[in-house]
Structure formats: structure tokens, C-alpha cells
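S.K.: This is the structure, below, for whatever I ask next.
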Amino acid sequence: MLERGYYGQFGGAFLPEALVATFEELEAAFRQAKADPAFWQEYVDLMSSYSCRPTPVTYAENLTRHFGGARIYIKREDLNHTGAHKANNVMGQGLLVKRMGKRRVIAETGAGQHGVATATMAAKFGFECTIYMGQVDVARQRPNVFWMERLGATVVSVREGSRTLKDAINEAFRDWVSTMDTTHYVLGTACGPHPFPTMVTYFQSIVGREARQQIVKAAGKLPDRVYACVGGGSNAMGIFSGFLDDTEVGLVGVEAGGRGLQSGQHAARLCSEDASIGVAQGYKTYFLQDRDGQMNETHSVAAGLDYVGVSPILADLAERRRVRFEAATDREVIDALALTVRKEGIIPALESSHAFAQAFKEAPHLPKDAVILINQSGRGDKDIFTIADAFEDPSWKEFIIAKAEAYRAGS
Ligand SMILES: *Cc1c(COP(=O)(O)O)cnc(C)c1O
């Protein structure tokens, strides 16, 4: 089915010679772990004692009544330890690192969420940990940097290039080339060279396996549609993998529409005309790039969706029309977040709110016996600095200014 890590025409592993052996070692370790039923059981046990699995499916009764159409259910990945589905991936890779006998992990992070998740896993397993982050992101994401450092990670502020995520990725690969005997690179999403897309999807498939059983029990049938936001694509692949073979279930991936698909300020790779097929960062997929292959600037109110590439598995599912791709704008996302908090007392992350926004557009047009399932990839309360900014809350602004003034007066 899968020729050397290809999904249709997408994926592959475009590697510098120095890393080929390391990737072969990783692929072999993953293949052996996957073939060992005790490994998956060890993973499930770890996630149930450390990260609240199985996470529940919640019936959103008030939102259902509000829209007057399909019954709305929510898969609660926000209840994971560290507040998002990212825990599934990093803890799974942590178990694999232990099996390979390595002692050190590295990762790159943009918004800092994957850095916090990786540093948490390293603390739990007793690994050394280095996180690469662009200097611009270090300045923007101080709360996450604070936690990475408390968790024992060394945060390296990358001063090359645009000093953001792609420069951090380059630095992390540079580190790995000289440390691969002792070090594992914890990639954060279902992207990158083979075997990462398959491996990350494998760990995230725990979401879909649980969700399929839970929704059938709760709603008495399979869902008509499943919605997930798409950054790199790991939470979407996680929930979709539970329903891929059920062709009657519509799968909807929601990308960051930013300031609108016509504005050029978005991160829509699979549902806009602005992306094209290319090879970068070790794999082939759709990238937001110019004619010379230079990566474009992306924009989203949600830092976790602001990525130039996308999972090669999703690119293939888009081409085969198994997954439909849509975009939600910043404005629609903030409105969907506000409504969900107010109606259900649930605070989705800005990333997850993209899935909610698209589901809310479609729910009123579906019959009352239809069932939709939204993957809530993470919780928003941990992101108060970005969410309060997005709401332009005046009292929050005053609070920040007063705090800054108090610091200045004290120093
Ligand atoms: C990082 C993140 C995402 C985007 O990553 P995917 O790999 O596309 O899932 C989505 N939601 C939350 C809450 C995140 O932290």
C-alpha cells in the first residue's frame, strides 16, 4: 500500500546522506513496536494514567438547540494533560525513544505548544531536552518558554534567517546530524520525511478509535460528518483514522482562512489557489510558496495553524476526495469560540475553534436526526494572552499595562 513512505504522489523522505541511517533505524524501531501488541497496550496504559484517556465525547445540547439542525457532539482532546492532542504524539514517541535506548530529545516549536508537550514528556521519562525556537517566537511566546525552562529543557533562541519556525527546523536538523546516536528528534505533527507522517498518525489514531465507539454509543449511529482543524494535520488524521473506512461518514478538514482567502493572509493549503506542490523540509506536499519555491508568509489568529506545509496523507486524501477542505476566517473563529464558551461552558483553543466555526456554518442546514462530531483539539484557557488579545478585551489590556508599570516601578 505504502511505497517508501508515499501516499499517492505525496510524502517520501528527502534526506541528507548523513541522516539516512538514522531514519532507517527509526523506521525499524517503529515497525517492531507496532508489531508488538504489548507496545500499544503500554501506550494506552500510560495515556490513561497520565493524560485522562479515554477523553470523553460530550453532547452539546445547547448548541444543538441554538442551531436547530444536526445533533452536535464534541470529542474532548482539550482534557489531555498539557491541554491538547499533542500529548498523544509526544508520549508515544517517548516510549519509542526508550525502546531505542536513546537519552536525549530535541524538537522545534513555533507557538511553543509542541515545545511544552515535548519538555513535559522529557521530564516524565528523564530525558535531556533541547527545544529550538526562532528568536521572534521566543519573544512572543514567553509563557510557553517559561514552562519549557521550568520543565528542565534548554530553549535555544535561533537568530538565523527570519528567526521563526522554519529557521528553528533547520537548526534542529543541524543538531540531529551530529547527535543522532544519542538523540531523537520529536517531530510535532503528521508532516516531514517518512516515517513521521505514518508514525504521528499511528499515535494520534487513539483519538479516532475511541471516538468511533463513543459516538455510536452516545448517538446510536455513526456521525454524518466529522470536523477537525488542520495545521500540520495530526489531530485531523487522529480523529479521521477512526472513520476512513466508513465511506458514509463525511470528513471535513478546516484550514486557517485568516483575513480571507482573497487577502493572501491565510494558511489555506488545500482549499485555496495559493499553494502548489513542492518538496521542502524533507517531504513532498502542497506548500504556500512562490514560483521560485520561496515560502510565503502565512497568517492566522491561531498560531498552531500557521504552517506553510500540510500532511502528505491529507494532501492525498484531498486529491482522492475522501476529505473535504474548507477555511474559516479569524472573525468566524472568534465568534465560534465566544458562542461555545457562552452556550456550553467549554473553552476551545483558537485552533480548534476553526472546526467549530465550519460545523456551525453547516449544522443548521442538516436534518435534526443528523449527527456531527467536532474534534476539540485543545483548550483555550491556557492561551489567555492570545485569546484576550483576539477579543480586544479592554480590561485585559489595562491589566497588562498596570502589571508592566508595576514591574518598571519596582526595578
Ligand atoms: C498544535 C495544535 C494544532 C495544529 O496541529 P495539527 O497537527 O494540525 O493537529 C491544533 N490544535 C491545537 C489545540 C494545537 O495545539
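S.K.: Give the distance, in whole Å, between the Cα centre of region 234-264 and the Cα centre of region 204-231.
M.R.: Between the Cα centres of region 234-264 and region 204-231 lies a distance of 13 Å.
S.K.: Explain nothing, just the number: relative contact order of region 131-258, from Cα pairs under 8 Å at least 6 residues apart, as a whole percent. Mind showing how you got there, number by number?
M.R.: On the way: 157 pairs, mean separation 23.8, N = 128.
19 percent.
S.K.: Separate question: Over the Cα atoms of region 19-74, what is the Rg over Rh ratio if Rh follows Kirkwood?
M.R.: On the way: Rg = 19.8 Å, Rh = 14.9 Å.
Across region 19-74, the Cα-based Rg/Rh ratio is 1.33.
S.K.: For the chain, what does the relative contact order come out to in percent, with C-alpha contacts under 8 Å and a separation of six or more? Intermediate results must be reported in sequence, preceding the final value.
M.R.: Numbers: 824 pairs, mean separation 79.3, N = 411.
Computed over the chain, the figure is 19 percent.
S.K.: Another question, if that's okay. Excluding Ala18 itself, calculate the net charge of residues whose Cβ lies under 15 Å from the Cβ of Ala18, where each Lys or Arg counts +1 and each Asp or Glu counts -1.
M.R.: The answer is -4.
S.K.: Taking the Cβ of Ile334 as the centre, find all other residues whose Cβ is under 11 Å away and add up their charges (Lys, Arg: +1; Asp, Glu: -1). Walk me through the numbers before you get to the answer.
M.R.: Details: positive: Arg331; negative: Asp330, Glu332, Asp335, Asp389, Glu392.
Residues near Ile334 contribute -4 overall.
S.K.: Out of region 362-411, which GluC sites (Glu not before Pro) are coil in DSSP terms and have no more than 11 other C-beta atoms within 10 Å? Don't jump to the answer; show the numbers that get you there.
M.R.: Values: sites: Glu362, Glu392, Glu398, Glu405; in loops: Glu392.
When the GluC sites (Glu not before Pro) of region 362-411 are filtered for loop state and at most 11 Cβ neighbours within 10 Å, Glu392 remain.
S.K.: In whole angstrom, how far apart do the alpha carbon centroids of region 104-161 and region 14-78 sit?
M.R.: Between the Cα centres of region 104-161 and region 14-78 lies a distance of 22 Å.
S.K.: Among Gln32, Gly68, Ile106, whose Cα sits farthest toward the positive end of the charge dipole of region 1-148 (+1 at Cβ of Lys/Arg, -1 at Cβ of Asp/Glu, about the Cα centre)?
M.R.: Gly68
S.K.: As an exercise, identify the trypsin sites (Lys or Arg not before Pro) in region 243-344 lying in DSSP coil whose Cβ has no more than 13 other Cβ atoms within 10 Å.
M.R.: Details: sites: Arg259, Arg269, Lys284, Arg291, Arg320, Arg321, Arg322, Arg324, Arg331, Arg342, Lys343; in loops: Arg259, Arg269, Arg291, Arg320, Arg321, Arg322.
Passing sites in region 243-344 are Arg291, Arg320, Arg321.
S.K.: Roughly how many Å² is the accessible area per residue of region 175-237, as a whole number, for a 1.4 Å probe? Could the numbers behind the result be given before it?
M.R.: Details: 1750 Å² over 63 residues.
On a per-residue basis, region 175-237 sits at 28 Å².
S.K.: Which residues' amide hydrogens lie under 5 Å from the amide hydrogen of Ala370, considering only partners 5 or more residues apart or on another chain, with H built in the peptide plane?
M.R.: Arg71
S.K.: Could you compute the net charge surrounding Ala168? Neighbours are other residues with a C-beta less than 15 Å from the C-beta of Ala168; K and R count +1, D and E count -1.
M.R.: -2
S.K.: Counting DSSP beta bridges with both partners in region 1-140, what percentage is antiparallel, nearest 5?
M.R.: Values: 5 of 10 bridges.
If we restrict to bridges inside region 1-140, about 50 percent are antiparallel.
S.K.: Among the listed pairs Lys382/Lys403; Lys34/Lys166; Lys102/Lys124; Lys221/Lys382; Lys361/Lys397, which have their C-alpha atoms separated by more than 22 angstrom in this model?
M.R.: Lys34/Lys166; Lys221/Lys382; Lys361/Lys397
S.K.: Still on this structure: I need the phi-derived Karplus couplings for region 358-366: 6.51 cos²θ - 1.76 cosθ + 1.60, θ = phi - 60°, integer Hz, Gly and Pro marked x.
M.R.: With coefficients 6.51, -1.76 and 1.60, one gets 5, 4, 5, 5, 9, 4, x, 8, 9 Hz.
S.K.: Expressed as a fraction of 2.2 N^0.38 Å, the rule-of-thumb size for a compact globular protein of N residues, what is the C-alpha radius of gyration of region 113-257? Could you put the intermediate results ahead of the total?
M.R.: On the way: Rg = 18.0 Å, N = 145, 2.2 N^0.38 = 14.6 Å.
In units of the globular-protein estimate, region 113-257 measures up at 1.24.
S.K.: With all protein chains present, how much of the accessible area of region 114-182 (probe radius 1.4 Å) comes from carbon and sulfur, to the nearest whole percent?
M.R.: Here carbon and sulfur together make up 50 percent of the probe-accessible area.
S.K.: With a 1.4 Å probe and all protein chains left in place, how much accessible area per residue does region 243-401 have, in Å²? If you can, show how the numbers build up before the last one.
M.R.: Values: 7160 Å² over 159 residues.
With all protein chains present, region 243-401 gives 45 Å² per residue.
S.K.: Per residue, what accessible area does region 1-100 have, given a 1.4 Å probe and all protein chains present, in Å²?
M.R.: Value for region 1-100: 46 Å² per residue.
S.K.: Restricting to DSSP loop positions (anything but H, G, I, E, B) with no more than 12 other Cβ atoms inside 10 Å of their own Cβ, which trypsin sites (Lys or Arg not before Pro) remain in region 1-107? Don't skip to the end; give the middle numbers.
M.R.: Details: sites: Arg4, Arg31, Lys34, Arg65, Arg71, Lys75, Arg76, Lys86, Lys98, Arg99, Lys102, Arg103, Arg104; in loops: Arg4, Lys102, Arg103.
Sites meeting the loop and neighbour criteria: Arg4.
S.K.: Please compute P(r) over all alpha-carbon pairs of region 283-411, binned at 10 Å starting from zero, and give each bin as a whole-number percent.
M.R.: 10, 31, 30, 19, 8, 2, 0
S.K.: Along each principal axis of its Cα atoms, how long is the chain end to end? Whole angstroms, biggest number first, please.
M.R.: Taking max minus min along each principal axis of the Cα atoms, the chain gives 63, 58, 49 Å.
S.K.: Heavy atoms of the protein only, probe of 1.4 Å, neighbouring chains included. What is the accessible area of Thr182 in Å², nearest 10?
M.R.: Accessible surface of Thr182 is approximately 70 Å².
S.K.: Further question: Report for the chain the percent antiparallel among DSSP-assigned beta bridges with both residues inside it, nearest 5.
M.R.: Around 30 percent antiparallel, to the nearest 5.
S.K.: If you roll a 1.4 angstrom probe over the protein chains with everything in place, what fraction of the accessible area of region 287-338 belongs to carbon and sulfur, to the nearest %?
M.R.: Values: 940 of 2380 Å².
C and S atoms contribute 39 percent here.
The values are calculated or read from the model by the stated rules, or taken from the named source; none is laboratory data. Not measured: the values here are computed from a predicted model. Positions of Cβ are generated from backbone atoms using ideal geometry, with glycine treated the same way; all protein chains shown enter the neighbour counts. Side chains are part of the model used for accessible areas, which takes the heavy atoms of the whole protein and leaves out ligands, DNA and RNA. Shrake-Rupley method; radii C 1.70, N 1.55, O 1.52, S 1.80 Å.
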